[in-house]
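Remarks on the structure that follows.
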Amino acid sequence: MAQTFYKYQGTGNDFIIIDNRLLKFDKNNTKHITGLCDRRFGIGADGLILLENHDELDFKMIYFNADGNESSMCGNGGRCITAFAKQLGIIEKTTSFEAIDGIHDAVIEDDMVSLQMQNVANVLVTKGGLFLDTGSPHHVQIEHRVDHLNVDKLGAEIRFSGLYGEAGSNVNFVEQLDDTTFKMRTYERGVEAETLSCGTGVTAAAIAMYHSNKSSEENITIKTKGGNLNVSFKKTDNGFENIWLTGKATFVFKGELS
Ligand SMILES: N[C@H](CCC[C@H](N)C(=O)O)C(=O)O
């Protein structure tokens, strides 16, 4: 029987999402996942997400980058799978689900989804910027103007520089607009190109801007090519807690895998 797929986008970060509660999808077929994510020979997406059953929670999220490899947490994907779970009738307005970095709560209101992110204990100084892990690893550096940057080139140089070992890191370029607003572009590991937004990256940038005293607010708006995202958090003695990533998550179309 053909498998149905759903295409979602969260502020321009786009995903193929599949209801895999019957465990029929071959997670080890990297070539198949890469093919589905290919923008010419396949459906086209930055990543592929599986929704599976969980013993106690509403569902489990499994995330693959467009390179076909299972990856670390995807913030925009977490927002989109929440909207997908509502579309399937698994949840109403709130949920708790498990992802690779732990348990996430989320709240959905119309097409806006707020996703709680894992706490962040450390923000490290690195070559040219800051490094932190918000469920995925992120290099964050401040630029005067991000619009004119060659993000694919600069991002790849940092991502493959060895600065972050074999695993590498996502790379974020941030421009300050005012005390609570920043513009940002991201080179995404595993997509190996600029994406229109990156949820864990936006979260990292907001925290990095507060950490470096560029903002004094615990509620920051990040403008990305794909749309605006909001990050709220609480600074505590243990770092950053009660971190919420909020933005639109939209169903685009559904189809059948051949
Ligand atoms: N490419 C990332 C995972 C997806 C992150 C991004 N799509 C998000 O919304 O957080 C990585 O390999 O670390």
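The values are calculated or read from the model by the stated rules, or taken from the named source; none is laboratory data. Computed from a prediction, not measured in an experiment: that's the story for all the values here. A quick note on method: Cβ atoms are made from the backbone with ideal geometry, for glycine too, and the neighbour counts reach across all protein chains shown. Just so you know, the surface numbers come from the protein's heavy atoms only, side chains and all, with ligands and any DNA or RNA stripped out. Shrake-Rupley method; radii C 1.70, N 1.55, O 1.52, S 1.80 Å.
Some observations on this one:
- Meets criteria (touching a residue at least 40 places away in the same chain (Cβ under 8 Å) and either touching a Lys or Arg at 6+ places or on another chain (Cβ under 8 Å) or open to solvent by 50 Å² or more (accessible area, probe 1.4 Å) (or both)) for residue 69: yes
- Any chance residue 83 is away from the ligand (no atom under 12 Å from the Cβ), of a type in the set (A, V, I, L, M) and within 27 Å of residue 223 (Cβ to Cβ): yes
- Flag if residue 105 is touching a Ser or Thr at 6+ places or on another chain (Cβ under 9 Å), touching a residue at least 12 places away in the same chain (Cβ under 8 Å) and open to solvent by 20 Å² or more (accessible area, probe 1.4 Å): no
- Residue match in the range 121-135 (condition: open to solvent by 50 Å² or more (accessible area, probe 1.4 Å) and within 18 Å of the chain's Cα centre (by Cα)): yes
- Residue check: residue 94 meets all listed conditions (1) within 13 Å of the ligand (Cβ to nearest atom); (2) hydroxyl-bearing (Ser, Thr, Tyr); (3) open to solvent by 40 Å² or more (accessible area, probe 1.4 Å) but one, namely (1).
- Between 236, 250, 224, 203, the distinction of being more than 13 Å from residue 75 (Cα to Cα), of a type in the set (S, T, N, Q) and surrounded by 24 or more Cβ atoms within 10 Å (Cβ to Cβ) belongs to 224 only.
- Residue within the range 69-76 that is within 18 Å of residue 170 (Cβ to Cβ), assigned to a helix (DSSP H, G or I), within 16 Å of the ligand (Cβ to nearest atom) and not polar (S, T, N, Q) present: yes
- The listed residues are 177, 154, 257, 196, and the only one of them that is open to solvent by 10 Å² or more (accessible area, probe 1.4 Å), in contact (Cβ under 8 Å) with a residue 60 or more places away in the chain and either on the phi > 0 side of the Ramachandran plot or more than 15 Å from the chain's Cα centre (by Cα) (or both) turns out to be 257.
- Selection within the range 37-57 - within 27 Å of residue 196 (Cβ to Cβ) and open to solvent by 20 Å² or more (accessible area, probe 1.4 Å): 38, 39, 40, 41, 42, 43
- Applying the criterion of at least 2 residues that are over 19 Å from residue 67 (Cβ atoms) and within 12 Å of the ligand (Cβ to nearest atom) to the strands (runs of 3 or more DSSP E) found wholly in the range 97-212 leaves 112-117.
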